[in-house]
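Visitor: Okay, handing you the structure first.
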Amino acid sequence: MQIGRFRLGMRTIKSALAVFICMLVFHFFQRGNPLIAALSAVFSLRQDLTSTVSFGRSRVIGNSIGGVLAIIFFFIKHYFHNDFLVELFLLPVLVIVTIVVSDGIDNNSGIISAISTLLMISLSIPQGESTLYALQRVFDTFIGTFIALGINFILRPPEDEKKKELAEDLVELQKKERTLRKNLVEIEKQIEKQKK
C-alpha cells in the first residue's frame, strides 16, 4: 500500500510482527526485557526467505562472535572489579577483534551484527550479574534471529511485491553502476594525465 511517498510494504509488516512475537514470547516465558531479541529479529529480516536465511546464517555467526567476546568482556571486567578504565579500553579493542575475526572467516556481512551483539550485551549487563545473565542475552539474539526466519518462512511476499522490490533493487544497482562508471572514467583520466 502506498500513499504518496509513504509505503507500507510486507517487510514493514513483518518487522512489526517480529517485534510483537518477541515481546509475546518473552512475556509468556518471563524472560525479561525483549530488547536484544527484538533488535536481532528486525536486523535479520530481509525481503524473502532466501535472503533471510543467507543473512540469518551470517547473523548467527556474528551473534556467536559478538556473544563470545561479550562474555570474555564480562569475565575480564569482573576480574578487574568492574573498573571503568578497563571497560573504556577493552571494549574498543574487542570491537577491533570482532571486525578482524569476522573478516578473517569471510563473514563481512555479519560484522555489524557481531559488533551490535557485543555492544548490546556488554553495555546492558547490570553490575553484579552472573555469567548466566550474559549467556541468556546471547541466547536472546538467537531467539530474535529464529523468529525472523520463521516469519519469512510463513509469510512469503506476493509475486507482484517481489517483482516490485526486485525492480527497485535493480534501479538502485543501476544508479550505483553509473556512479562507479563515472568514477572509473575520472580515475582513468587522472592516470592518463599522470602518464603525460
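The values are calculated or read from the model by the stated rules, or taken from the named source; none is laboratory data. Treat the numbers as computed from the prediction; the structure is a model and nothing was measured. With ideal geometry, Cβ positions are generated from the backbone for all residues, glycine too; neighbour counts draw on all protein chains shown. Areas reflect the complete protein model, heavy atoms only, side chains present, ligands, DNA and RNA absent. Shrake-Rupley method; radii C 1.70, N 1.55, O 1.52, S 1.80 Å.
Visitor: In segment 1-23, which residue that is assigned to a loop (DSSP other than H, G, I, E, B) and in contact with a Lys or Arg (Cβ under 9 Å, 6 or more places away or on another chain) is most open to solvent (accessible area, probe 1.4 Å)?
Guide: MET1
Visitor: Can VAL42 be described as open to solvent by 20 Å² or more (accessible area, probe 1.4 Å), modelled with pLDDT under 90 and among the hydrophobic types (A, V, I, L, M, F, W, C)?
Guide: yes
Visitor: Evaluate the following for PHE26: is it over 30 Å from PHE89 (Cα atoms), at pLDDT 80 or above and open to solvent by less than 40 Å² (accessible area, probe 1.4 Å)?
Guide: Yes: the conditions hold for PHE26.
Visitor: Among the residues of segment 118-134, count how many are free of Cβ contacts under 8 Å to residues at least 60 places away in the same chain and open to solvent by less than 40 Å² (accessible area, probe 1.4 Å).
Guide: So the count comes out to 3.
Visitor: Looking at segment 151-172, can you tell me whether even one residue there is modelled with pLDDT of 85 or more and surrounded by 11 or more Cβ atoms within 10 Å (Cβ to Cβ)?
Guide: Yes.
Visitor: Moving on to the next point. Which one of these is surrounded by 12 or more Cβ atoms within 10 Å (Cβ to Cβ), under 19 Å from the mean Cα position of the chain (by Cα) and not in a helix (DSSP H, G or I): ASN33, ASN63?
Guide: One residue alone meets the criteria, ASN33.
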